[in-house]
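What follows is a single structure, written as structure tokens, with notes after it.
The values are calculated or read from the model by the stated rules, or taken from the named source; none is laboratory data. Values in this document were obtained by computation on a predicted structure and should not be read as measured data. Because the Cβ atoms are built from the backbone with ideal geometry, glycine has one as well, and the counts that use them run over all protein chains shown. Please note that ligands, DNA and RNA were not included when accessible areas were found on the heavy atoms of the full protein model with its side chains. Shrake-Rupley method; radii C 1.70, N 1.55, O 1.52, S 1.80 Å.
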Amino acid sequence: MPIDWFTVGAQALNFVILVWLMKRFLYKPILVAIDAREKRIAAELADADAKKAEAQKERAEFQHKNAEFDQQRATLLSQAIDEAKAEGQRLQGEAREVAEALSAKRKETLRREAHDLSLALGRHTREEVFAIVRKALTDLATTSLEERMSDVFTRRLREMNSQTKARLGAALKTASDAALVRSAFELPSEQRAAIRTALNEAFSADVQVRFETASNLIGGIELATNGQKVAWSIDDYLGSLEKSVAALVGAGARPEQGVKPEPVSVPKRGANEHIA
Amino acid sequence: MRLSPDEIIFWQYGFFKLNATIAFTWGLMLALVVGSKLITRKLSENLSRSRWQNLLEIVVTSIEKQIEEVGLRHPEKYLSFLGTLFLFVATASLCIVIPGYEPPTASLSTTVALALCVFVAVPLFGIEEQGVGGYLKSYVEPTFIMLPFNIISEISRTLALAVRLFGNMMSGAMIIGILLTITPFIFPVVMTMLGLLTGIVQAYIFSILAAVYIAAATRARKPKTKLAPNEA
């Protein structure tokens, strides 16, 4: 196999030229382009990394802020709930107090109204009853009844207990004016004399007596001197009965206040011995 | 029968002649340079690029990666030489599909020329890397007695490089020529396809061996690295 040394030399030269041409037209531009692209990609990646880091930082900051906001909101909410509860309780308390006050006031008003009504009713009833009784007794009262009354009065004077007698005697003695004897009707002279006699006997003294007629006594006689009074009249009976009935009606109004009513007994007296 | 395209002479003037080897080499050079120029004329530095640019980038980066894998630390420095070696031999082999084409690598003159280029380039790269003294010292390593063996090794491997490529390329072309005379149908096509494969393999082997030689020359004089404690 012959080797053509000219061809060898020519091919070697050709190869060297080819190396230079390829370097000039292929490798260099390609490597430059690749390097430029790699740099660009690296720059973009670095930029992306920086942006990512920044984004992460902002995200962390945002999350932190969010957590803070949540905490603040929860605090404010719980505070607001507490305040609302307190305010609600306060308002409820106020409302309860107002309601209780209103209720108490209403109860008081009702009680007063009931009391007034019962009083009015009682008074009216009493007045009616006594008006009827008075009218009946007035219609019945006659001179003979006055006589009888005078008798009863004189007997009373005689049967007076010693304490009352002493007090009345003292009053008669110290009185400057004459003792006043009032009756519903004009007393006849016999009865006036009987009364004088009874007084003189009872107090063993000459008692000055002045007689007067008083229609409001209905029926009966009374002796009044120096602030002391001895009386016997139907009006006194009625007055005593009226007091008992008024006491009974007053007790009847009290149960609304939770007080158990107590029975009121009407005094059972055959005659009224009254010293004012 | 022709064994080498050197025998086809188009023009001769004394020592100077223009044979098929040189002519086809020029054709290949023209194709490579024009093709490269056309593709690199409008290179894109953006992320989007043309398919041809992609192809060239793949080829160039693959060669660069191979050089790096052999053990050369700065592949871009050796890329022009080793890449051109590979591209020239591969193109010369691939073009056998063109009718009437004679691969220049089937000429012993061409392969000897390429081997001589490697033979010259290896010490040049070695000296560039380590200096003249450093490179020459590699011939007396590990002892002075090894000097003749190293020189013989240097020459013989260059010769082997040349003959290996020549033998493979010449035999491929020869077999196809013989088969064409015996069975003109189908079988030569198969052999041609096989020839394409062996051509690429030979281009790869030639370039890789050149890279290994350069790597050996540039790394031989490096101070021996101390073993790490955990590797001792």
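For the structure I just gave you, tell me whether B:LYS17 is more than 23 Å from the chain's Cα centre (by Cα) and either loosely packed, with under 12 Cβ neighbours inside 10 Å or within 27 Å of B:LEU108 (Cβ to Cβ) (or both).
Numbers: more than 23 Å from the chain's Cα centre (by Cα): yes; either loosely packed, with under 12 Cβ neighbours inside 10 Å or within 27 Å of B:LEU108 (Cβ to Cβ) (or both): yes.
Criteria met by B:LYS17.
Residue check: B:ILE176 meets all listed conditions (1) out of contact with any Gly (no Cβ under 7 Å at 6 or more places or on another chain); (2) at pLDDT below 90; (3) of a type in the set (Val, Ile, Thr) but one, namely (1).
Taken together, the residues in the range B:129-183 that are closer than 30 Å to B:HIS74 by Cβ, aromatic (Phe, Trp, Tyr) and open to solvent by 70 Å² or more (accessible area, probe 1.4 Å) amount to 1. Taking the range B:62-79 as the range and being surrounded by fewer than 18 Cβ atoms within 10 Å (Cβ to Cβ) and at pLDDT 90 or above as the test, the residues that pass are B:SER62, B:LYS65, B:GLU68, B:GLU69. Among residues belonging to the range B:22-45 that are modelled with pLDDT under 90 and β-branched (Val, Ile, Thr), point out the one that is farthest from B:LEU179 (Cα to Cα). Out of the qualifying residues, it is B:THR40.
Considered as a group, the residues in the range A:12-32 that are aromatic (Phe, Trp, Tyr) and within 7 Å of another protein chain (Cβ to nearest Cβ) include one that is nearest to B:MET29 (Cα to Cα), and that residue is A:PHE15. For the structure I just gave you, tell me whether A:ALA80 is under 30 Å from B:LEU55 (Cα atoms), surrounded by 10 or more Cβ atoms within 10 Å (Cβ to Cβ) and small (Gly, Ala, Ser). When the stated conditions are applied, A:ALA80 does not pass them. Please work out if A:THR164 is among the hydroxyl-bearing types (Ser, Thr, Tyr), farther than 30 Å from A:ALA202 by Cβ and open to solvent by less than 70 Å² (accessible area, probe 1.4 Å). It is false that A:THR164 is among the hydroxyl-bearing types (Ser, Thr, Tyr), farther than 30 Å from A:ALA202 by Cβ and open to solvent by less than 70 Å² (accessible area, probe 1.4 Å).
Put simply, of A:ASP35, A:ASP4, A:ASP49 the only residue that is facing chain B (nearest Cβ under 7 Å) and either open to solvent by 30 Å² or more (accessible area, probe 1.4 Å) or modelled with pLDDT under 95 (or both) is A:ASP4. Anything in the range B:24-44 that is open to solvent by 30 Å² or more (accessible area, probe 1.4 Å) and under 30 Å from B:SER109 (Cα atoms)? List them, or say none. Answer for the range B:24-44, where residues must be open to solvent by 30 Å² or more (accessible area, probe 1.4 Å) and under 30 Å from B:SER109 (Cα atoms): B:PHE24, B:TRP26, B:GLY27, B:LEU30, B:ALA31, B:VAL34, B:LYS37. Being within 10 Å of chain A (Cβ to nearest Cβ), crowded, with 20+ Cβ neighbours inside 10 Å, within 20 Å of the chain's Cα centre (by Cα) and outside any loop (DSSP other than H, G, I, E, B) is a property that holds for B:VAL112. Taking (1) at the interface with chain A (Cβ under 9 Å from one of its Cβ atoms); (2) open to solvent by 40 Å² or more (accessible area, probe 1.4 Å); (3) of a type in the set (A, V, I, L, M, F, W, C); (4) under 30 Å from B:ILE155 (Cβ atoms) in turn, B:LEU47 satisfies each apart from (4).
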